[in-house]
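Asks: Before anything else, here's the structure in question.
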Amino acid sequence: MKDENIIKKLLQNIGEDPEREGLVKTPVRYLDFIRQATSPKPIDFTTFDAENYDEMIVQKQIRFYSLCEHHLLPFFGTGVIAYVPNKRIVGLSKLARTLDHHSKRLQNQERITTQVADELEAVLKPKGVAVILSARHMCMEMRGVCQPEAVTTTSRLTGVFKSRPETRTELLRLASI
């Protein structure tokens, strides 16, 4: 069966006429959306000598969009990614690209949080990594419990962010500025 026909059949199953003017191109548009939303772009990590820089690097308000693997509905929000360099730093765009990369598939928020932290750990071998994601889930807002604007926050802390309370406190202060 041609991909577009699957979407036409879905439309028919919910009582719609896929030949109606407003729906004629919907199957192609929907498939384009699904492919775009679930096709991560590869990341080419650019790292540099830290040149003795050993203070926290924090990037915040990083927008991300994903699709809930349980309901195929969008969830979206912002992330904070931080690390304390050991010997290497990463090009700044790579922090946002890492979040985008792991978001572009059928996902859950907890897994994205862990995958971003684990990838930065593996590439940079820093003194610590912190990833905090806050998101709205359409599966919570549009169906089920129906809680508009409920925000879910997940975090993954490694190294000094986990073992040193003062580092965690500094992160939380910088993340809220």
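Asks: May I ask you to list the residues in the stretch 1-58 that are of a type in the set (Asp, Glu), within 21 Å of the chain's Cα centre (by Cα) and at pLDDT 95 or above?
Replies: 32
Asks: Could you identify the single residue in 72, 133 that is out of contact with any Cys (no Cβ under 8 Å at 6 or more places or on another chain) and over 23 Å from residue 170 (Cβ atoms)?
Replies: One residue alone meets the criteria, 72.
Asks: Counting only residues that are of a type outside the set (Gly, Ala, Ser), part of a strand (DSSP E or B) and closer than 25 Å to residue 88 by Cβ, which one in the stretch 130-177 is nearest to the chain's Cα centre (by Cα)?
Replies: Among those that are of a type outside the set (Gly, Ala, Ser), part of a strand (DSSP E or B) and closer than 25 Å to residue 88 by Cβ, it is 133.
Asks: Can you tell me which residue in the stretch 120-129 is nearest to the chain's Cα centre (by Cα), limited to those that are buried (at least 19 other Cβ atoms within 10 Å of the Cβ), free of Cβ contacts under 8 Å to residues at least 60 places away in the same chain and not in a loop (DSSP other than H, G, I, E, B)?
Replies: By that ranking, first place goes to 120.
Asks: Which one of these is on the phi > 0 side of the Ramachandran plot and either touching a Gly at 6+ places or on another chain (Cβ under 8 Å) or not hydrophobic (A, V, I, L, M, F, W, C) (or both): 91, 159?
Replies: 159
Asks: Under 6 Å by Cβ, and 6 or more places apart or on different chains, what pairs join a residue from the stretch 32-46 that is within 13 Å of residue 119 (Cβ to Cβ) with one that is modelled with pLDDT of 95 or more and open to solvent by 100 Å² or more (accessible area, probe 1.4 Å)?
Replies: Listed pairs, sorted by first residue: 43/97.
Asks: Could you check, for the stretch 147-166, whether at least one of its residues is among the aliphatic types (A, V, I, L, M) and farther than 22 Å from residue 66 by Cα?
Replies: Yes, the conditions are met somewhere in the stretch 147-166.
Asks: Here's something else I'd like to know. Looking at the stretch 130-168, which of the residues that are within 16 Å of residue 54 (Cα to Cα) and in contact with a Phe, Trp or Tyr (Cβ under 6 Å, 6 or more places away or on another chain) is surrounded by the fewest Cβ atoms within 10 Å (Cβ to Cβ)?
Replies: Looking at the filtered set, the residue picked out is 168.
Asks: Further, regarding this structure: As an exercise: evaluate residue 177 against (1) in contact (Cβ under 8 Å) with a residue 24 or more places away in the chain; (2) open to solvent by 30 Å² or more (accessible area, probe 1.4 Å); (3) at negative phi and give the number of the one condition it does not meet.
Replies: (1)
Asks: Looking at this structure, is residue 110 farther than 20 Å from residue 67 by Cβ, of a type in the set (D, E, K, R) and either open to solvent by less than 50 Å² (accessible area, probe 1.4 Å) or in a helix (DSSP H, G or I) (or both)?
Replies: Considered against the rule, which asks whether it is farther than 20 Å from residue 67 by Cβ, of a type in the set (D, E, K, R) and either open to solvent by less than 50 Å² (accessible area, probe 1.4 Å) or in a helix (DSSP H, G or I) (or both), residue 110 comes out as no.
Asks: Let me ask something else about it. Is there any pair linking a residue in the stretch 94-105 that is among the aliphatic types (A, V, I, L, M) to one that is part of a helix (DSSP H, G or I) and modelled with pLDDT of 95 or more, with Cβ under 8 Å and at least six apart or on different chains, and which?
Replies: Pairs that qualify, where the first residue is among the aliphatic types (A, V, I, L, M) and the partner is part of a helix (DSSP H, G or I) and modelled with pLDDT of 95 or more, are 95/120; 99/112; 99/116.
The values are calculated or read from the model by the stated rules, or taken from the named source; none is laboratory data. Because the structure is predicted, anything quoted here is derived from the model rather than measured. So basically every Cβ, Gly included, is an ideal-geometry build from the backbone, and we count neighbours across all protein chains shown. Each accessible area value is taken on the protein alone, full model and side chains, heavy atoms only, with ligands, DNA and RNA left out. Shrake-Rupley method; radii C 1.70, N 1.55, O 1.52, S 1.80 Å.
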